[in-house]
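Please read the structure below before turning to the comments.
Computed from the coordinates by the stated procedures, all read-outs in this text should not be read as laboratory data. Quick caveat, the model's predicted, so the values are computed rather than measured. As a convention, Cβ positions derive from the backbone with ideal geometry for all residues, glycine included, and neighbour counts pool all protein chains shown.
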Amino acid sequence: MANVKKTIHGEWSSRFAFILAATGSAVGLGNIWKFPYITGANGGGAFVLVYLLCVALIGIPLMMAETMLGRRTRQDPINTMEILTEEAGADKNWHYLGWMGVAAGVMILSYYSVIAGWSTAYVLKAFTGSFFDADPAVIKAIFDDFVSNPLRLTFWHSLFMTATLMIVVRGVNNGLEQAVRYLMPSLFGLMILLLGYAMTTSGYFDGFNFLFKPDFSKLTGDSVLTAMGQAFFTLSLGMGSVMVYGSYLSSDVSIAKTSIIIATADTFVALLAGLIIFPLVFTHGLHPDSGPGLIFKTLPIAFGSMTGGWFFGVLFFIVLAIAALTSSIALIEPAVAWLVESKGYSREKACTQAGLVAWALGLGTVFSFNIWSDVKLFERTFFDLIDYLTANLMLPVGGFCIAVFCGWIMHHQHSEQELNLGQPLGFKLWMLLVRYVAPLAVFLVFLHVVGVL
Ligand code: TRP
């Protein structure tokens, strides 16, 4: 029954294409920018261990759940939730889950594109030698000066958004799939090159030990919950992206296997980013716990003073921009798929409309760093607010609801049929994880982010 349904957008041409695209969505600013700095702030090894556990026990089952929902209906997330709610005879309010996913995608994209724009601009800065022999104060001044100009930030934001839309408008096979086919291998290759350099630095072993030697005395309840939240964000869970990518997946592909591969690849890239960044941090006497500015405010110091720093600096920011691009196309796809399916728009029109909304919303983030830096709501700038709202509220709520829907609402024979795990024990284990473990864990993260726990 499920396998006679067809998506109107086209299917991934192979299992490998799906794996590349989903890994591309997962690997992004979250791995290269966020993972190192929160690992740094949470003391290293022990935090990494908890993070790995969360990926395995919550991340993989939820990724399977989302892929399965999308593939069962082969429609955009909004229609998917409508159809499946009806199929399960459940309360109509479950529809909102699809809406929230589409909205979260556009909202995350709005600021993602701004930060990715910085990365693109930093490619140029590295290229023109701005960091050469610059001391920390100069590097900080470069950053502060850069973000102080709204027009400049708008330019880079617009450029990145245009690149995203130019890929998405070409559709699943000619756009998304072609882009990841080239971008993902380049990303891996460039990162291995950067790792090769990091291994030659004097701080490599300090960096390695920081990442892999657990010191449990540094582990707080707070960092356990942060690790869980990160597992979530980095795997792109809790919104429509995995669902919509799942809806383009051929019926004969094993969802369990691909989910394990994607989560492993994503984790591998995060660890790789750590192995590149921490050795540089230790070699140059910088601090692993310098927070979100770790990449833009401290790494250029290392690039400015190390041998070959020009080359590796340019390379690093290209890697960051590529990683962001393969995520941003996944962020907008749920909205585009919905506009095409439900409003009958052409892909061009759908991309233009969804892109314009994300772009305009992104201006709020642009201004948060300059003309609106003092405009605050709940003590947060526009950027902080939209980041908090999406990553800390909408994703956990989305993930919680997806786990509950699969574990408690959807008929088990439907999920069993779609997952097609081949052996009953595998399904039982998955059910245990989505029924109890994932909702409980996500609930704890949620209490934490809203400040109750
Ligand atoms: N996983 C992305 C990263 O690590 C961020 C992200 C969250 C995302 N949700 C998403 C990307 C949905 C694409 C689609 O940077």
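The table below lists the values:
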| item | result |
| --- | --- |
| Reachable aspartates and glutamates from Lys92, criterion Cα separation under 18 angstrom, eight or more residues apart if same chain | Asp76, Glu82 |
| Per-residue ³J(HN,Hα) for segment 286-291, Karplus 6.51 cos²θ - 1.76 cosθ + 1.60, θ = phi - 60°, Hz, x for Gly and Pro | 8, 10, x, 9, 7, x |
| Whole-percent pair-distance distribution, where bins are 10 Å wide, for the alpha carbons of the chain | 5, 22, 32, 27, 12, 3, 0 |
| Lysines whose Cα lies under 26 Å from that of Lys257, excluding same-chain neighbours fewer than 8 positions away | Lys5, Lys6, Lys428 |
| Karplus-derived 3J(HN,Hα), 6.51/-1.76/1.60, for each residue of segment 263-270, Hz, glycine and proline x | 5, 5, 4, 5, 5, 4, 5, 4 |
| Within the chain, helix-based [θ] at 222 nm, where runs of 4 or more DSSP H residues each add -39,500 (n - 2.57), nearest 500 | -22500 deg cm²/dmol |
| Computed log₁₀ I(q)/I(0) - Debye formula, equal Cα scatterers, no solvent, segment 6-105, q 0.25 Å⁻¹ | -1.34 |
| Set Lys125/Lys297; Lys34/Lys218; Lys125/Lys376; Lys34/Lys140 screened for pairs whose C-alpha atoms are more than 22 Å apart | Lys125/Lys376 |
| Under the Karplus curve 6.51 cos²θ - 1.76 cosθ + 1.60, θ = phi - 60°, whole-Hz ³J(HN,Hα) for segment 165-173, x wherever Gly or Pro sits | 5, 5, 6, 5, 5, 7, x, 5, 7 |
| Nearest 10 degrees, 0 to 90: helix 45-54 Cα axis against the chain principal axis | 20 |
| Rounded to 10°, Cα long-axis angle of helix 77-88 versus longest principal axis of the chain | 30 |
| Where a label projected 7 Å from the Cα of Thr307 along Cα→Cβ would reach, residues of segment 175-219 with amide N under 17 Å | 194-204 |
| FRET efficiency estimate (nearest 0.05) - Cβ-Cβ, Leu425 to Val452, R0 35 angstrom | 0.45 |
| Whole-angstrom gap from segment 386-453 to segment 194-262, using each part's C-alpha centre | 18 |
| Sites matching GluC sites (Glu not before Pro) across segment 305-412 that sit in DSSP coil, with at most 13 neighbouring C-beta atoms within 10 Å | Glu379 |
| Footprinting exposure proxy for Ser373, Ser110, Ser217 (fewest neighbouring C-beta atoms within 10 Å first) | Ser217, Ser373, Ser110 |
| Charge tally in the Cβ shell below 15 Å around Leu419, where Lys, Arg are +1 and Asp, Glu are -1, Leu419 excluded | +1 |
| 13 Å beta-carbon shell around Phe367, net charge (K/R +1, D/E -1) | 0 |
| Per DSSP, loop trypsin sites (Lys or Arg not before Pro) in segment 1-95 with at most 10 further Cβ within 10 Å | Lys6 |
| Order of Thr39, Thr128 - criterion: other Cβ atoms within 10 Å of each residue's Cβ, fewest first | Thr128, Thr39 |
| Computed FRET value (nearest 0.05) for Tyr436 with Phe155, which takes r as the C-beta separation and R₀ as 60 Å | 0.75 |
| Segment 313-420: trypsin sites (Lys or Arg not before Pro) in DSSP loop, at most 11 other beta carbons within 10 Å | none |
| With Cα atoms, 0 to 90° folded angle of helix 60-73 axis to the chain main axis | 50 |
| Fewest-first sequence of Met239, Met81 by Cβ atoms within 10 Å of each Cβ | Met81, Met239 |
| Label-point gap, in nm, between Lys218 and Tyr182 - each point 7 angstrom along Cα→Cβ | 4.1 |
